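Participant: Just dropping this structure here.
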Amino acid sequence: MLRILDAPGAIRLRGWPTDVTTSVPIEIESETSGSWDRWMLHMKAGAAEIVPTHVEGQVAFTRRQLAVRNAGGYRSTTSARMAGVHAVSEKALATLVRSTAEFEPWLPDHFTSSLPSQEFCSDS
């Protein structure tokens with residue numbers, strides 16, 4: 001299960017295409033109130049950020065859909081729409097899907113400790 005607790009931080013820290021320069025108004029389901037927060041997503045030169053806005057969103061994501069989107073789970077606009085993503089603009093949705101297609105996040109499957117191995121062993 002994947003959950004984004006800090007949407008601006010998650011957007012900022014994800015990898016983004018270097019050849020995409022765009023701004024797309026999006027709406028994200030509020031964490032606590034059941035309402036929708038409006039954000040402007042700015043992408044430029046491999047970086048992105050979201051900032052609060054009053055502009056109506058062209059694409060709306062629930063918290064769960066945002067997590068899937070940020071993980072690269074929507075490989076096409078069709079898959080996004082089948083998952084219930086609401087989009088006023090097909091072009092905006094296509095831009096958002098394309099922006100996550102190249103850079104799939106990953107987690108290492110093996111975690112190591114920074115402690116020397118002898119600290120895990122006892123001589124007694």
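Bear in mind these aren't lab numbers, they're just calculated from the coordinates by the rules spelled out. For clarity, every value in this text was computed on a predicted model and none was experimentally measured. Every residue, glycine as well, gets a Cβ built from its backbone with ideal geometry; the counts of neighbours run over all protein chains shown.
Participant: Taking the Cβ of Q65 as the center, what net charge do the other residues with Cβ under 13 Å away carry, scoring Lys and Arg +1 and Asp and Glu -1?
Facilitator: Once positives and negatives cancel, what remains is +3.
Participant: Given N residues in the range 7-104, what is Rg(Cα) / (2.2 N^0.38 Å)?
Facilitator: 0.96
Participant: Which residues in the range 53-81 place their backbone N less than 12 Å from a point set 7 Å from the Cα of A101 along the Cα-to-Cβ direction?
Facilitator: The answer is 74-79, whose backbone nitrogens lie closer than 12 Å to the label point.
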